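Asks: One structure follows; several queries about it will come next.
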Amino acid sequence: MIICNSLEEVRANIDILDDKLVELISQRSHLVRQAAKFKNSVEDVKADDRIEFIMQKVRRKAISLDVSPNLISELFTIMIHEMVETEISEFRNTQTF
């Protein structure tokens, strides 16, 4: 845990973490796009079982780190929804007719 001695230091550390979060989300998004190559249908892309697994995993992780599991669930729900839509588009673009 980071211990700060001023509001400016708190904000500077938050800014650093925000940048890292965006970078990690970008990396996740690129991996999701790659996953489309290995799917056989839009239903495979939606992967409801995988989404449920991820949601349970991140909720447990949030609890273990003393972060609101509801907050993490909401963030992941938004992120996964958007990334599934991206993956569906990628899947459709890679299909040959």
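The values are calculated or read from the model by the stated rules, or taken from the named source; none is laboratory data. Predicted, not measured: the structure shown is a model, and the values here were computed from it. Every residue, glycine as well, gets a Cβ built from its backbone with ideal geometry; the counts of neighbours run over all protein chains shown. Each accessible area value is taken on the protein alone, full model and side chains, heavy atoms only, with ligands, DNA and RNA left out. Shrake-Rupley method; radii C 1.70, N 1.55, O 1.52, S 1.80 Å.
Asks: Over the chain, with the other protein chains present, what is the accessible area per residue in square angstrom, probe 1.4 angstrom? Don't skip to the end; give the middle numbers.
Replies: Numbers: 7710 Å² over 97 residues.
Value returned for the chain: 79 Å² of accessible area per residue.
Asks: If the cut-off is 24 Å between C-alpha atoms, which lysines fall inside it for K61, apart from same-chain ones fewer than 8 positions away?
Replies: Cross-link targets: K20, K46.
Asks: Summarise the accessible area of the chain (1.4 Å probe, protein heavy atoms) by the percent that is carbon and sulfur.
Replies: Values: 4370 of 7710 Å².
Of all accessible area on the chain, carbon and sulfur atoms account for 57 percent.
Asks: Also, quick follow-up: Under a straight-distance cross-link criterion of Cα-Cα below 17 Å, which aspartates and glutamates are reachable from K57, leaving out those fewer than 8 residues away in the same chain?
Replies: D48, D49, D66, E74
Asks: At 7 Å along the Cα-to-beta-carbon direction for both S6 and T86, put a label point, then send me their distance in nm to one decimal.
Replies: My value for the distance between the label points is 3.7 nm.
Asks: Then there's this: Explain nothing, just compute: Karplus ³J(HN,Hα) = 6.51 cos²θ - 1.76 cosθ + 1.60, θ = phi - 60°, for every residue of the range 31-38 in order, whole Hz, x for Gly and Pro.
Replies: Per residue, the Karplus-derived 3J(HN,Hα) values read 5, 4, 4, 5, 4, 4, 5, 9 Hz.
Asks: Taking the square root of 5 times each eigenvalue of the Cα gyration tensor, what semi-axes in Å does the equivalent ellipsoid of the range 1-77 have, largest first?
Replies: Values: eigenvalues 200, 58, 12 Å².
The answer is 32, 17, 8 Å, longest axis first.
Asks: On C-alpha positions alone, give me the angle between the axis of helix 69-94 and the longest principal axis of the chain, in degrees, nearest 10.
Replies: Tilt relative to the chain: about 30 degrees.
Asks: Place a +1 charge on the Cβ of each Lys and Arg in the chain and a -1 charge on the Cβ of each Asp and Glu, then give the dipole magnitude about the Cα centre in debye, rounded to the nearest 20. Let's see the in-between values first.
Replies: On the way: 13 positive and 17 negative charges, 80 e Å.
That gives a dipole near 380 debye.
Asks: Separation of the range 31-49 and the range 77-97 by C-alpha centroid, Å?
Replies: Centre-to-centre distance over Cα atoms comes out at 7 Å.
Asks: By how many degrees, 0 to 90 and rounded to 10, does the Cα axis of helix 48-64 deviate from the longest principal axis of the chain?
Replies: For helix 48-64, the angle is close to 10 degrees.
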